[in-house]
Amino acid sequence: MRNYVKLTDRDNVAVVTHDTTKGTEIMPGLVLLDDIPQAHKFAIQDIPKDGEIIRYGVVLGYALNEIKRGSWINEHMLRLPASPSLDNMPFGVNIRKDLPEAPVKTFMGYKNPDGFYAGTRNILGIQTTVQCVQGVLNVAVEKIKREILPKYPNVDDVVAINHAYGCGVAINAPDAKFPIRALQNIARHPNFGGQLMVVALGCEKLTVEKLVGEENNTPENVIVLQDCKGFDAMINAITSMAERKLKILNERKREELPLSDLLVGMQCGGSDAFSGVSANPSAGYAADMLVQAGATVMFSEVTEVRDGVHFIAERCVSAEVRDKLADEMRWYDHYLAEGQVDRSANPAPGNKKGGLSNIVEKAMGSIAKSGTSPIVEVLSPAERPTKHGMIYAATPASDMVCGPCQLASGIGLQVFMTGRGTPYGLAAAPVIKVCSRNEMKEQWQDVIDISAGAVVTGEKTIQEVGTELFNFIIDVASGRKKPYTEQYGLHNFLCIFNPAPIT
Ligand code: CA
């Protein structure tokens, strides 16, 4: 078992694999001058004041003071470098063709008539135009699940798409396109099998026509609470419509489909300094296998890509894709600047406790989940992909906001990497949890699906954990296995990204 991890020859720091005490000879002739907490960095060489601190072969920052060989390096000891320029980034210079061979090329999914990606679950999704209807809808959904759903065994669940948008918002503001597009596309999610059901209030700004189109605003699809005579009538209208939709959904059958019908989302949250060593590279390996087999994989989280954007640009297949990548980054730089912050607002106290000194270090770990495949398309938040392969979907890094954006893009499932631990989950698509270190798995044995901790200790390879994850993704997509979040019904609220004003 190894005691430290040094990632590239250029690195002048390494991270310890477990809490290590002052006085330990961590490398031959290198004695630690401080106690070093697990996943934190120590200096391999003396680093002068203003000297580069290098991990992943990139400059994480500059030393605020001289750092002696063997010293602990934490977030208070380095100055953030400028973020990489977005102008004229080289593209197409790192296009990998020899991706790892996937063991299977098909999965068992629900084909949809619209030709978009297949469903991984069979769910009645009940859309809402506005938050005002949530209380009534939740009561109705509880009744549906208790009394009606058991009659339709081929349907997995009934999910209310509750959100905080819809009214009290500047619906005509240019940036209102983000939340509107997100809700429009969630309504078309592949797991809902093309069955549309909307609960509206009647006086909201996000009208039914705006949400699902004029042609879908029919009594077969829409219930307007302000048109109902009292509470019982509301509940009866919702439960009756749900039963009609469940009857249709119950006819859906899984069939063997090529992996080109599968869309997988990747995100991370509660990351630590091992995330970029074990969990994210393993996810990247699984992603490469999926792409090799024809599937589509998307990764996201703008502030966690910004400092590694040039590495992503190198993998873009065309100038057009590279340009959209730069545009999305510029939009986000501006968005942050308007709020008088920059990408350094990203790391959380838990990230720092887990050894991540700043956003550069976090970003280098985060982009590892994208593997090495060529980037074939870049999406704005909540857009649907049009290509197959590795896609960058620009979304906020916030777990609660990235999730709904990826759902809107149509993911059949999400793979979620964590170092510190989070029980986050989505109701409309399964979420697989992958952790970066053994201690996390030991602590949350029954929450974490796959541990990449053995990669840190050197007991397993990235290829081994990546292949294990690939196989689990196929099993979950095919309905043969359920990740823990799905077994327990851990479903987070959908925070729809809304950069536009509230009125
Ligand atoms: Ca995240």
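Each reported figure results from applying straightforward, stated rules to the coordinates on display, with no laboratory input. This structure is a prediction, so every number in the text was calculated from the model and none was measured. Every residue, glycine as well, gets a Cβ built from its backbone with ideal geometry; the counts of neighbours run over all protein chains shown.
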D_trans [Stokes-Einstein, Kirkwood Rh over alpha-carbon pairs] for region 272-319, 25 °C, 0.890 mPa s, µm² s⁻¹: 200
Restricting things to alpha carbons, find the Rg to Rh ratio for region 110-249 using the Kirkwood radius for Rh. 0.96
Isotropically averaged projected area of the chain, using the convex hull of Cα atoms (one quarter of hull area), nm²: 23.4
Rg/Rh of region 1-99 (Cα atoms, Kirkwood Rh), to two decimals, equals 1.07
Quickly work out the D175-to-N94 label distance, labels modelled 7 Å from Cα along the C-beta direction, and quote it in nm with one decimal. 3.1
Sort I148, I359 so the one with the fewest other Cβ atoms within 10 Å of its own Cβ comes first. I148, I359
Antiparallel content of DSSP bridges confined to the chain, in %, to 5: 40
For region 89-120, run through the trypsin sites (Lys or Arg not before Pro) and keep only the ones in DSSP coil with at most 11 other Cβ atoms within 10 Å of their Cβ. K97
Determine the equivalent ellipsoid of region 172-331 by diagonalising the alpha-carbon gyration tensor, then write out the semi-axes as square roots of 5 times the eigenvalues, largest first, rounded to whole Å. 39, 22, 15
Sequence neighbours fewer than 8 away in the same chain don't count; with that in mind, list the lysines whose C-alpha is under 21 Å from K143. K151, K229, K245, K247
Please identify the longest segment of the chain free of exposed GluC sites (Glu not before Pro), where exposed means a DSSP state other than H, G, I, E or B and no more than 11 other Cβ atoms within 10 Å. 252-503
Over region 347-458, what portion of Cα pair distances is larger than 26 Å, expressed as a whole percent? 22
Return the sequence-ordered ³J(HN,Hα) values of region 38-53 in whole Hz as given by the Karplus equation 6.51 cos²θ - 1.76 cosθ + 1.60 applied to θ = phi - 60°, using x for Gly and Pro. 3, 6, 7, 8, 10, 7, 7, 10, 5, 10, x, 4, 6, x, 6, 10
Mind pulling up the Rg/Rh value for region 263-488? Radius of gyration and Kirkwood radius, both on Cα. 0.94
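Given the pairs K22/K353; K105/K433; K49/K352; K205/K369; K210/K482; K6/K105, which span a C-alpha to C-alpha distance of over 27 angstrom in this model?
From K22/K353; K105/K433; K49/K352; K205/K369; K210/K482; K6/K105, over 27 Å: K205/K369; K210/K482; K6/K105.
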Please list the non-local residues whose amide H lies under 5 Å from the amide H of E377, H modeled 1.01 Å from N, same-chain partners needing a gap of 5 or more. Y392
So how do M298, M27 line up by other beta-carbon neighbours within 10 Å, fewest first? M27, M298
How big is region 283-409 by the Kirkwood estimate over distinct Cα pairs, in Å? 14.8
For a footprinting-style exposure proxy, rank K441, K68 by other Cβ within 10 Å, fewest first. K68, K441
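Given N residues in region 177-243, what is its alpha carbon radius of gyration divided by 2.2 N^0.38 Å? It would help to have the intermediate numbers written out before the result.
On the way: Rg = 12.4 Å, N = 67, 2.2 N^0.38 = 10.9 Å.
For region 177-243, the normalised Cα radius of gyration is 1.14.
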How about region 238-273: which trypsin sites (Lys or Arg not before Pro) there are in a DSSP loop, with at most 12 other Cβ atoms within 10 Å of their Cβ? K253
For Y4, the residues 5 or more places away or on another chain with a placed amide H closer than 5 Å to its own amide H are T17
Equivalent ellipsoid semi-axes - Cα gyration tensor, region 291-361, angstrom: 25, 18, 10
Calculate the length of the line joining the C-alpha centroid of region 1-79 to that of region 450-490, in whole Å. 31
Of all C-alpha pairs within region 1-51, those more than 12 angstrom apart amount in percent to 63
Note: S344 to K253 extended length (0.36 nm per residue) minus current alpha-carbon separation gives 28.0 nm
